[in-house]
Each structure stands twice: as C-alpha cells, then as structure tokens.
Amino acid sequence: MFKFTFCSALFVIATSMSAQTSDTDAGSGELAQIRSEYADVLALQGTAKAEVLAIAHVLRAKPEVAIDKTKAAGEYCFKGSQGTMVHYAQQPETTAEDVVYEFDATQLLAAGLDAQRVPKLPALGHMEPGKWYFLPTGVIDPHHQHVFATPTVAIAVNVK
C-alpha cells in the first residue's frame, strides 16, 4: 500500500480520473480508497477548487508549515510565519471555532492597541466567533499549551 502526501494524492486522483481508470485495473482498491478519502476535494469546482490547490502548492513547497494538533486540540494548523497561524477544526460541525486566525500583535500594540480592552484568549471551544482576543507575550496558549514568543491577537470564524 502506498502512502501519499496531499499533493501527490491529488495528482494521482486527477491523472487516474482523466484516464478513466476502471475498477478492474490493477490498484483499483487503492484508487477507490483515494477517491473516497478525497471525495470532498474532488467535489470542488471553480474558485474553491483553485483555492484548495493553491494551499496544496504551498504545503508541497513547505510541508513543515502544516502542524497536526488534532490529538491535543482537534485542529490542523497552518503556521505561515513565526507570528501568524491559522487553525482549521478537524470536525467543524462540533464547534463554533471552525477557523481560528492568530496574528503577532507587536505592531498593533506599537500603533496604540490597548490590550487591556481586548478580552484574554479563552480555552479552546470558548471563543465567540467574530470577537477579537489577546494573548500577552510569555503566556501559555490555552489552545495548544505552549508559550507564545510574541503578543498575539486571535479571532474565530464560524463558517456554518
């Protein structure tokens, strides 16, 4: 059985589907598993499909930006830079925190953000979508239990 990365799986699926591989061909069990596993991706059209492929290109070029926090927090994380991260809920139907964005707040504080007026980042599952939260430097992140090196602002989005 082959192990595929996200991008290689998309390539195999696209190639296999365009060649109209039949279920009687060798490897049809693997192809059926890939089709099943990537059904949501294969169903995408237009801009949504292009967006997923753009993300796949970034991840293929730099796979270390993908962080699996599913056991600890039920999230897959995309760490774009030292102070920027996006968290995607593994099961968005079970939370109002489908997507959580975190940004380095250093420049915002320098520009006059009054951190005392922004609520502190609550535990995972307790964010109110559309509301900004603040986490000071050196404080343990209540979502992933690690210390942030920079002051951080975060906002959750409920896509439903």
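Figures for the structure shown
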quantity: Only listed residue being touching a helix residue (DSSP H, G or I) at 6+ places or on another chain (Cβ under 9 Å) and over 21 Å from Thr150 (Cβ atoms), chosen from Gly83, Gly74; calculated: Gly74
quantity: Selection within region 71-127 - in contact with a Pro (Cβ under 8 Å, 6 or more places away or on another chain), without any contact (Cβ under 8 Å) to a residue 40 or more places away in the chain and either part of a loop (DSSP other than H, G, I, E, B) or of a type in the set (Phe, Trp, Tyr) (or both); calculated: Leu121, Pro122, Ala123
quantity: Any hit, region 54-69, residues being assigned to a helix (DSSP H, G or I) and under 15 Å from Val99 (Cβ atoms); calculated: yes
quantity: Selected residue [aromatic (Phe, Trp, Tyr), surrounded by fewer than 19 Cβ atoms within 10 Å (Cβ to Cβ) and not assigned by TED's automatic domain parsing to the domain that holds Val52] from Tyr88, Tyr133; calculated: Tyr88
quantity: Residues (outside any strand (DSSP E or B) and surrounded by 15 or more Cβ atoms within 10 Å (Cβ to Cβ)) located in region 146-160; calculated: Phe148, Thr150, Pro151, Asn158
quantity: Qualifying positions in region 129-151 - in contact with a Gly (Cβ under 7 Å, 6 or more places away or on another chain) and touching a residue at least 60 places away in the same chain (Cβ under 8 Å); calculated: Thr150
quantity: Residue list for region 136-145, filter: more than 19 Å from the chain's Cα centre (by Cα) and either within 23 Å of Gln90 (Cα to Cα) or surrounded by fewer than 12 Cβ atoms within 10 Å (Cβ to Cβ) (or both); calculated: Gly138, Ile140
quantity: Residues being within 22 Å of Asp40 (Cα to Cα) and either among the small types (Gly, Ala, Ser) or within 12 Å of the chain's Cα centre (by Cα) (or both) - total across region 66-96; calculated: 18
quantity: Filter pass, Thr47 being in the same structural domain as Ala123 (by TED's automatic domain parsing), over 19 Å from Asp141 (Cα atoms) and without any contact (Cβ under 8 Å) to a residue 24 or more places away in the chain; calculated: no
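The values are calculated or read from the model by the stated rules, or taken from the named source; none is laboratory data. Predicted model only: the values in this text are computed from it and were never measured. Because the Cβ atoms are built from the backbone with ideal geometry, glycine has one as well, and the counts that use them run over all protein chains shown.
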